[in-house]
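These notes concern the structure reproduced below.
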Amino acid sequence: MPNLARANAPVENLLKQISRQFDGLSKQLKVIARHVEEHRDQIGLEGIQDVARQCGVQPSAVVRFAKHFGFSGFSEMQKVFREVLASQISPSRNYKTRIRQVIEAGAGNLSSSDIAFEFLSGNIASMQELQRSFDRRSLGKAVDLLAATDTVWIAGARRSFPVAAYLDYALQHSEKRIHLINALGSMHEGQVRSARASDVMIAISFAPYAKETLAVAETALQRGVKLVAITDSRMSPLARKANALLLVQDHATFGFRSLSSTMALAQSLFMALAYRLELGYEPVPLRKVRA
């Protein structure tokens, strides 16, 4: 693990630099920036033509992107990512390669069990990638914020809502005041108007980023609320203003993106907080049913 961390350091430094300069990039370079972060495990192996095609740009734009961040060209930037691959071949890339081969072989011939197997394999690959790129410091910062507050707001719309609902359920086991933004009657912004500067909000959103979640997060920030963001990119609108940033990416299988890694991260956050708060588990006794 220490060797992998050392090899990964230049990549992390580059991604942080990209994040800091993201707002000032052109539209094309922003597309490339997102691709570099989301496909960091593949950049070290793909050619410039492959990257350009996936980003929908000309190869010259990829070269321009590399030079913008101090490299002589794409090949020099690629070496940064190859060092990580030399330490550990990413299981997620192995999965992506296999699923591409399965589709090319004829997806119409897949059985239900084949589809289930590939979907489970994708989830496993996502979990392994999350474990490999796990940011201990960011999780610790999030736990510090949650432990110090009496009130927690939770916002997550559309695909992210199940994660928000889980956190609402889990955090109810603490003695904190928990508020789930449910956007009933499109009153999501009104629901957060009672938030105070001592509160913390957990906001969950992934590309293309739910407008409802971004709106309530902005309202909360204006009121001085601290933000814990669970999102998929340093370039995410939530990431820019987060006090604690938890990054996670679930892979898509046959066009369907699961929530396995995101839910695991949410559960890890709660368990770490529960340990900090020394929450005890008291099983609820089952009622006897009369025959």
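Read-outs throughout are calculated quantities, based only on the coordinates presented, and are distinct from any laboratory measurement. Everything numeric here is computed off the predicted structure, so don't read it as measured data. When we count neighbours, we look across all protein chains shown, and the Cβ atoms used for this are built from the backbone with ideal geometry, even at glycine.
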Paramagnetic reach from Arg193 in the stretch 200-226 [backbone N under 15 Å; point 7 Å along Cα→Cβ]: 216, 219-220, 223
Label-to-label distance, nm, for residues given as Arg159 and Gln128 (7 Å Cα→Cβ offset): 2.2 nm
Set Lys67/Lys141; Lys16/Lys211; Lys27/Lys226; Lys30/Lys79; Lys30/Lys226 screened for pairs whose C-alpha atoms are more than 32 Å apart: Lys67/Lys141
Charge sum, other residues only, whose C-beta stays under 14 Å from Pro237's C-beta, Lys/Arg counted +1 and Asp/Glu -1: +2
Proximal charge balance of Leu259 [Cβ under 10 Å; K/R count +1, D/E count -1]: +1
Dimensions (Å) - the stretch 162-214, Cα atoms, principal axes, largest first: 33, 23, 21
Equivalent ellipsoid, the stretch 136-277 (semi-axes from 5 times Cα gyration tensor eigenvalues, Å): 21, 18, 14
Length-normalised contact order for the stretch 136-277 - Cα pairs under 8 Å, 6+ apart - percent: 26 percent
